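Enquirer: Sharing a structure here in structure tokens format.
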Amino acid sequence: MPLEKLVVELGRTWALWRIEEEEETLAEMVSSLEELSDTVTSPQKRLEWLAGRVLVKEVMEAMDLNFQGIVKDDFGKPYPVGYDYQISLSHSFPFVAVLLDKYESVGIDLEQPKEKLLRIASRIHHVDEVKDAGTDIIKHCIYWCAKETLIKIYGKKDLIFSENMRILPFQRQMEGNIIGKIIVKDMERVIPLYYKVYPEFVLVFNKRME
């Protein structure tokens, strides 16, 4: 079954999907006002786009909401059509993740650990974060996902990884809580995050503010 995880809470739901279907099958599973752009020519990207909509539909139905498609604002932040809900999507083929929240801005990100994360670490992370992660590729992946999550919460594209986002040092386990910060001029926003290490990827999303 491609729906690997579905967690329903009060006003919030997140889910994971493993893409195993053909494009035609996914297209039949979702009815949307959107149309897949002809500019999306990569078969893999088309599958990710469709699977993302299928998963959003699953999540919304779990919250007794009617999926009518997704729209994006001027900064590319997605919203479910017809509802004042916050939504975040992430994909790293063949996996797709979605987080939907009624009350708060959300971010979710999944990535598969790759050697590239070690090579670019000094360019995208603060020196303290690079030192904390060392040569642990899984930890580097958590840092990356955490900052991608912060970008999605912020909702704009003008954040610099090494300057405007910080992740406090942590002891890596298979899952746990970490603290992220969005720092813009004189504003510092503290964001509680949750991470989980799966066999094939790392997942990070923001927790509810208490």
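The values are calculated or read from the model by the stated rules, or taken from the named source; none is laboratory data. All figures in this text were calculated on a predicted structure; none of them were measured in a lab. Glycine gets a Cβ as well: all are built from the backbone with ideal geometry, and neighbour counts include every protein chain shown.
Enquirer: Would you point out the residue of the range 109-133, among those that are among the hydrophobic types (A, V, I, L, M, F, W, C) and out of contact with any strand residue (DSSP E or B) (no Cβ under 6 Å at 6 or more places or on another chain), that is nearest to Leu55 (Cα to Cα)? Explain how you work it out, then say what you get.
Expert: Here is the first cut: in the range 109-133, the residues among the hydrophobic types (A, V, I, L, M, F, W, C) are 110, 117-118, 120-121, 124, 127, 130, 133.
Going one step further and asking which of them are out of contact with any strand residue (DSSP E or B) (no Cβ under 6 Å at 6 or more places or on another chain), we end up with 117-118, 120-121, 124, 127, 130, 133.
On the way: Leu117: 28, Leu118: 31, Ile120: 31, Ala121: 31, Ile124: 30, Val127: 37, Val130: 34, Ala133: 32 Å.
That would be Leu117.
Enquirer: What do you reckon, is Ile151 surrounded by 12 or more Cβ atoms within 10 Å (Cβ to Cβ), out of contact with any helix residue (DSSP H, G or I) (no Cβ under 7 Å at 6 or more places or on another chain), within 27 Å of Leu6 (Cβ to Cβ) and outside the structural domain of Ser92 (by TED's automatic domain parsing)?
Expert: yes
Enquirer: As an exercise: evaluate Pro78 against (1) at negative phi; (2) more than 14 Å from the chain's Cα centre (by Cα); (3) modelled with pLDDT under 95 and give the number of the one condition it does not meet.
Expert: Among (1) at negative phi; (2) more than 14 Å from the chain's Cα centre (by Cα); (3) modelled with pLDDT under 95, Pro78 violates only (2).
Enquirer: Could you figure out which of (1) under 20 Å from Phe201 (Cβ atoms); (2) buried (at least 16 other Cβ atoms within 10 Å of the Cβ) isn't true of Lys114?
Expert: Lys114 satisfies every listed condition except (2).
Enquirer: If you check Ser37, Ser42, which single one turns out to be over 26 Å from Cys145 (Cα atoms), surrounded by fewer than 21 Cβ atoms within 10 Å (Cβ to Cβ) and at pLDDT below 95? Give the steps one after another, and end with the answer.
Expert: On the way: Ser42 fails: over 26 Å from Cys145 (Cα atoms).
Step by step, each of Ser37, Ser42 is checked, and only Ser37 is over 26 Å from Cys145 (Cα atoms), surrounded by fewer than 21 Cβ atoms within 10 Å (Cβ to Cβ) and at pLDDT below 95.
Enquirer: When Glu61 is evaluated against the numbered criteria (1) modelled with pLDDT of 95 or more; (2) outside any helix (DSSP H, G or I), which criterion, by number, is the only one it fails?
Expert: Failed condition: (2).
Enquirer: Right, another one. Could you please let me know if Glu188 is within 19 Å of Glu9 (Cβ to Cβ) and free of Cβ contacts under 8 Å to residues at least 40 places away in the same chain? Step through it out loud before you land on a result.
Expert: Numbers: within 19 Å of Glu9 (Cβ to Cβ): no; free of Cβ contacts under 8 Å to residues at least 40 places away in the same chain: yes.
No: the conditions fail for Glu188.
Enquirer: Against the condition in contact with a strand residue (DSSP E or B) (Cβ under 9 Å, 6 or more places away or on another chain) and either in the same structural domain as Glu48 (by TED's automatic domain parsing) or in a loop (DSSP other than H, G, I, E, B) (or both), how does Val106 come out, does it pass?
Expert: Values: in contact with a strand residue (DSSP E or B) (Cβ under 9 Å, 6 or more places away or on another chain): yes; either in the same structural domain as Glu48 (by TED's automatic domain parsing) or in a loop (DSSP other than H, G, I, E, B) (or both): yes.
Spelling it out, Val106 is indeed in contact with a strand residue (DSSP E or B) (Cβ under 9 Å, 6 or more places away or on another chain) and either in the same structural domain as Glu48 (by TED's automatic domain parsing) or in a loop (DSSP other than H, G, I, E, B) (or both).
Rundown of residues vs (1) among the basic types (Lys, Arg); (2) closer than 30 Å to Ile183 by Cβ; (3) assigned by TED's automatic domain parsing to the domain that holds Trp144, yes/no style:
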position: Arg46; (1), (2), (3): yes, no, no
position: Ala51; (1), (2), (3): no, no, no
position: Asp64; (1), (2), (3): no, no, no
position: Gly69; (1), (2), (3): no, no, no
position: Phe75; (1), (2), (3): no, yes, no
position: His91; (1), (2), (3): no, yes, no
position: Leu99; (1), (2), (3): no, yes, no
position: Leu118; (1), (2), (3): no, yes, yes
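Enquirer: Quick one: in the range 68-103, of everything that is assigned to a strand (DSSP E or B) and hydroxyl-bearing (Ser, Thr, Tyr), which residue is farthest from Trp17 (Cα to Cα)? Spell out the reasoning first.
Expert: First, the residues of the range 68-103 that are assigned to a strand (DSSP E or B): 70-72, 78-80, 86-92, 95-101.
Add one more test, that the residue is hydroxyl-bearing (Ser, Thr, Tyr), and what stays is 79, 88, 90, 92.
On the way: Tyr79: 19, Ser88: 14, Ser90: 11, Ser92: 11 Å.
The residue in question is Tyr79.
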